[in-house]
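Colleague: Sharing a structure, written as structure tokens. Questions coming.
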Amino acid sequence: MTTGTAQVLRAGDRGYDDARRVWNAMFDRRPAMIVRCRSVQDVAAALRAARERGLEVSVRCGGHSAAGFGVTDGGMMIDLTPMGRVRVDPVRRRAWVQGGALLGALDAAAQRHGLATTAGNVSHTGVGGLTLGGGMGWLARRYGLACDNVLSFEVVTAGGEVLRVDAGSHPELFWGLKGGGGNFGIVTEFEFALHGTGTSALVVEATFTGAARHAAMRRWRDEHLTAPRQATFTASSAPGTLTLGYVWVGPGSYSPAFVQGGAVTRQPMSYLRLQRRDDTTGRHALRRYGRSHYLKTMPDAAVDAFIAAGEHCGAGLQGYGGAIADVPQDATAFGHRDTMFEFGAGTSWTDPAQDDARRAAARAAAALLDPFSGGVYVNSLGNEGAAGLRRAYPPAKLARLTALKDRYDPDNVFHLNQNVKPSKDAP
């Protein structure tokens, strides 16, 4: 069935089950209808129809929400995936990206001209969800987060109004969309600044075992503080093994000292290959669970805790700083720009019988870093509710986001997200 240019799917229709499948197979929800939108007009019409019928609304792009927020159970899923076009102006170094595009589409279009912007680490993530929550990626230390590179948004509000939002038009909403998530409307187009990155990348990793791990990681931590912005430091911990490294995008080189004594690998590759390196096959077939922290500092005790975390569950770190920290704390809704490292403990599996054990392992790993936590990335939250929001946003930012919610979505139509409740609904 079609209405306007949108296609409407219901249970039993061809394509319904594929459209409702999301990245985390823990969530198997069944919308009453899926509206596959092809234009901003389709989005506005679908939203009005959902409100007239009293249907819960979810918004799906890449479907990568850890909590499965992209799909409602019994309501209307507004599916943006048909809106995946990317247009690049290589002279002005701009990209206009529809709200349903995946990061891989943005990367491919920009790389034809040797350009890029910060765009996550997995190509099948949706541009919208990543950017609205902040948007970490391999270019962030050099050029800022994805949200820092947005010049304008096209937004459909809860009332069905279409707004062009930028620094000069609706500036408070512009502030809130840069890290405040999907709480204030459906973004149908992003305008990004692009940068001349070239097309090459390099991944360098050094593996350590046994007692050598602790001293090596302390060297890695210390070197991160003075490393070039072009280098993004990474670490992963597994039983008995620690891998320390960095990712470098573009021309130039860097010779780190921390790799000494380790088993070193150097992997030159294209930037597009780098962006696909962590893609999963059978994207939406795995059950997933993870816990995260921001670390503002990393004392020796936190180094030891990270190595121990790898005995429970795969644990990783990615370096922040550089251009991320250059942006004033109050310039965007994104919180915790003074983060040193982002920590994550995650696991994936297929057998539902393993659910409890897998989740317990991730929680145990993350609990070791609890004493050192300085917040959390909102895009890494699961179903932590208000407690998670308080970790993601300092009190002043959360109050400002609540005021925005009161203005643009007082009925909390957009609540399937890391939900900032309007003040009338706040506990």
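Colleague: Which pairs do you get when a residue that is within 16 Å of PRO299 (Cβ to Cβ) and open to solvent by less than 10 Å² (accessible area, probe 1.4 Å), found in segment 207-225, comes within reach of a residue that is assigned to a helix (DSSP H, G or I) and hydrophobic (A, V, I, L, M, F, W, C), reach meaning Cβ atoms under 7 angstrom, with the pair 6+ apart or on two chains?
Modeller: Final answer for the pair search is MET217/VAL303; MET217/ILE307.
Colleague: So which residues in segment 305-351 are in a strand (DSSP E or B) and among the aliphatic types (A, V, I, L, M), if there are any at all?
Modeller: Of everything in segment 305-351, those that are in a strand (DSSP E or B) and among the aliphatic types (A, V, I, L, M) turn out to be ALA315, LEU317, ALA345.
Colleague: Another question, if that's okay. Of the numbered conditions (1) in contact (Cβ under 8 Å) with a residue 40 or more places away in the chain; (2) part of a loop (DSSP other than H, G, I, E, B), TYR246 satisfies every one except a single condition; which is it?
Modeller: Checking TYR246 against (1) in contact (Cβ under 8 Å) with a residue 40 or more places away in the chain; (2) part of a loop (DSSP other than H, G, I, E, B), the one that fails is (2).
Colleague: May I pose another question? Give segment 211-268 a look and list any residue that's modelled with pLDDT of 95 or more and of a type in the set (Ser, Thr, Tyr), or say none.
Modeller: Hits for segment 211-268 are THR226, THR232, THR234, SER236, SER237, THR241, THR243, TYR246, THR265.
Colleague: For GLY182, state whether it is open to solvent by 10 Å² or more (accessible area, probe 1.4 Å), under 30 Å from PRO82 (Cβ atoms) and in contact with a strand residue (DSSP E or B) (Cβ under 9 Å, 6 or more places away or on another chain).
Modeller: Yes; evaluated as a whole, the condition is true for this residue.
Colleague: Keeping to segment 168-214, report how many residues are within 30 Å of VAL259 (Cβ to Cβ), aliphatic (A, V, I, L, M) and in a loop (DSSP other than H, G, I, E, B).
Modeller: Summing the residues that are within 30 Å of VAL259 (Cβ to Cβ), aliphatic (A, V, I, L, M) and in a loop (DSSP other than H, G, I, E, B) in segment 168-214 gives 1.
Colleague: Mind checking which residues of segment 80-104 are surrounded by fewer than 23 Cβ atoms within 10 Å (Cβ to Cβ) and not charged (D, E, K, R)?
Modeller: Within segment 80-104, THR81, PRO82, MET83, GLY84, VAL86, VAL88, PRO90, VAL91, TRP96, GLY104 qualify.
Colleague: One residue is enough: does segment 264-275 have a residue meeting the conditions under 14 Å from SER236 (Cα atoms) and open to solvent by 20 Å² or more (accessible area, probe 1.4 Å)?
Modeller: Checked segment 264-275: no residue is under 14 Å from SER236 (Cα atoms) and open to solvent by 20 Å² or more (accessible area, probe 1.4 Å).
Colleague: If a residue must be surrounded by fewer than 21 Cβ atoms within 10 Å (Cβ to Cβ) and either assigned to a strand (DSSP E or B) or not hydroxyl-bearing (Ser, Thr, Tyr) (or both), how many such residues does segment 28-43 contain?
Modeller: Within segment 28-43, residues that are surrounded by fewer than 21 Cβ atoms within 10 Å (Cβ to Cβ) and either assigned to a strand (DSSP E or B) or not hydroxyl-bearing (Ser, Thr, Tyr) (or both) number 7.
Colleague: While we're on this one: Residue by residue through segment 314-328, note down the ones that are modelled with pLDDT of 95 or more, in contact with a Gly (Cβ under 9 Å, 6 or more places away or on another chain) and not aliphatic (A, V, I, L, M).
Modeller: Scanning segment 314-328 gives GLY316, GLN318, GLY322, ASP326.
Colleague: Quick check: is even one residue across segment 290-313 farther than 22 Å from ALA367 by Cα, of a type outside the set (Val, Ile, Thr) and out of contact with any Cys (no Cβ under 8 Å at 6 or more places or on another chain)?
Modeller: no
Colleague: Could you run through segment 105-119 and say how many residues are free of Cβ contacts under 8 Å to residues at least 60 places away in the same chain and crowded, with 23+ Cβ neighbours inside 10 Å?
Modeller: 1
Colleague: If you don't mind, another one. Would you check if ARG229 is outside any loop (DSSP other than H, G, I, E, B) and among the basic types (Lys, Arg)?
Modeller: Spelling it out, it is not the case that ARG229 is outside any loop (DSSP other than H, G, I, E, B) and among the basic types (Lys, Arg).
Colleague: Please enumerate the residues belonging to segment 284-312 that are of a type outside the set (A, V, I, L, M, F, W, C) and touching a Ser or Thr at 6+ places or on another chain (Cβ under 9 Å).
Modeller: Within segment 284-312, ARG287, ARG288, TYR289, GLY290, ARG291, SER292, HIS293, TYR294, LYS296, GLY310, GLU311 meet the criteria.
Colleague: Can you run down the residue pairs with Cβ atoms below 7 Å, 6 or more apart or on separate chains, where the first is in segment 79-104 and modelled with pLDDT under 95 and the partner is assigned to a loop (DSSP other than H, G, I, E, B) and hydroxyl-bearing (Ser, Thr, Tyr)?
Modeller: Short answer, once both residue conditions are applied: none.
Per-residue answers, yes or no, for (1) assigned to a helix (DSSP H, G or I); (2) open to solvent by less than 20 Å² (accessible area, probe 1.4 Å); (3) free of Cβ contacts under 8 Å to residues at least 24 places away in the same chain:
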site	(1), (2), (3)
VAL376	no, yes, no
ASN379	yes, no, no
ALA387	yes, no, yes
ARG391	yes, no, yes
ALA399	yes, no, yes
LEU404	yes, yes, no
PHE414	no, yes, no
ASN419	no, no, no
PRO422	no, yes, yes
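Colleague: Which of the residues belonging to segment 31-77 are polar (S, T, N, Q) and in contact with a helix residue (DSSP H, G or I) (Cβ under 7 Å, 6 or more places away or on another chain)?
Modeller: The one that is polar (S, T, N, Q) and in contact with a helix residue (DSSP H, G or I) (Cβ under 7 Å, 6 or more places away or on another chain): SER65.
The values are calculated or read from the model by the stated rules, or taken from the named source; none is laboratory data. No experiment lies behind these values; they were computed from the predicted model shown. All Cβ positions, glycine included, derive from the backbone under ideal geometry; neighbour counts span all protein chains shown. SASA here: full protein model, heavy atoms, side chains in, ligands and nucleic acids out. Shrake-Rupley method; radii C 1.70, N 1.55, O 1.52, S 1.80 Å.
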